[in-house]
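Working notes, beginning with the structure itself.
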Amino acid sequence: MQGRRGRGPGGGRVGVMVTYETTDDVLTRIDAQTRAAEAEMIRAREFHAALGTLRGHGSATGVAVEVDSAGLLTGLCFAPHAAPPPGDSLARAVMSALRVAQVDALSQVQAHAERVWGSDPLVARIMTEAGERLGVETAPGGGR
């Protein structure tokens, strides 16, 4: 790269340095930006794939549930040989176990996001919004 001092309209010098890039310099910079973008794309794909396998688990009084990374119910089990609780108690147990599983999944997603993306403000905002949807306060470091 070469540089020279610019000249004002009357031919006088101005304090701005004009920099000229060679074609090779520009191509090298574009190649580096392309490689960086490709690496981010690969990292995003791997992150997404990991979320597909993530499961949160929760249990309460004879009920065990499993949720996916979005907190949606993927499994529901009742303890074998247990006397069935009255309807309202069963509903409360299912909802309680679901809540525990959703918080577990959210915690895992947040921990994974922080490992992959670090303290990215966009990730923090997304995690906060996900926590708000579940009524849970998210905190840095995967805590609640």
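The values are calculated or read from the model by the stated rules, or taken from the named source; none is laboratory data. Since this is a predicted model, take the numbers as computed values, not measurements. Note that we place each Cβ from the backbone using ideal geometry, even for glycine, and neighbour counts take in every protein chain shown.
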Q) Say we look at the range 20-47 and pick out the residues that are surrounded by 10 or more Cβ atoms within 10 Å (Cβ to Cβ), out of contact with any helix residue (DSSP H, G or I) (no Cβ under 6 Å at 6 or more places or on another chain) and touching a residue at least 12 places away in the same chain (Cβ under 8 Å); which of these is farthest from Asp120 (Cα to Cα)? A) Thr22
Q | Filtered residues of the range 102-138 (kept if more than 15 Å from Glu40 (Cα to Cα), of a type in the set (D, E, K, R) and surrounded by fewer than 15 Cβ atoms within 10 Å (Cβ to Cβ)) | A | Arg125, Glu129, Glu132, Arg133, Glu137
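Answer with yes or no whether Ala97 is small (Gly, Ala, Ser), modelled with pLDDT under 85 and touching a Gly at 6+ places or on another chain (Cβ under 7 Å). Explain how you work it out, then say what you get.
Values: small (Gly, Ala, Ser): yes; modelled with pLDDT under 85: no; touching a Gly at 6+ places or on another chain (Cβ under 7 Å): yes.
Judged against the criteria, Ala97 is not a match.
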Q: Mind listing whichever residues of the range 64-109 are part of a loop (DSSP other than H, G, I, E, B) and on the phi < 0 side of the Ramachandran plot?
A: Asp68, Ser69, Ala70, Leu72, Ala79, Pro80, Ala82, Ala83, Pro84, Pro85, Pro86
Q. Has the range 54-63 got any residue that is outside any helix (DSSP H, G or I), modelled with pLDDT under 90 and more than 29 Å from the chain's Cα centre (by Cα)?
A. yes
Q) When the range 13-53 is examined, which residues are found to be assigned to a strand (DSSP E or B) and either closer than 30 Å to Ala105 by Cα or among the small types (Gly, Ala, Ser) (or both)? A) Gly15
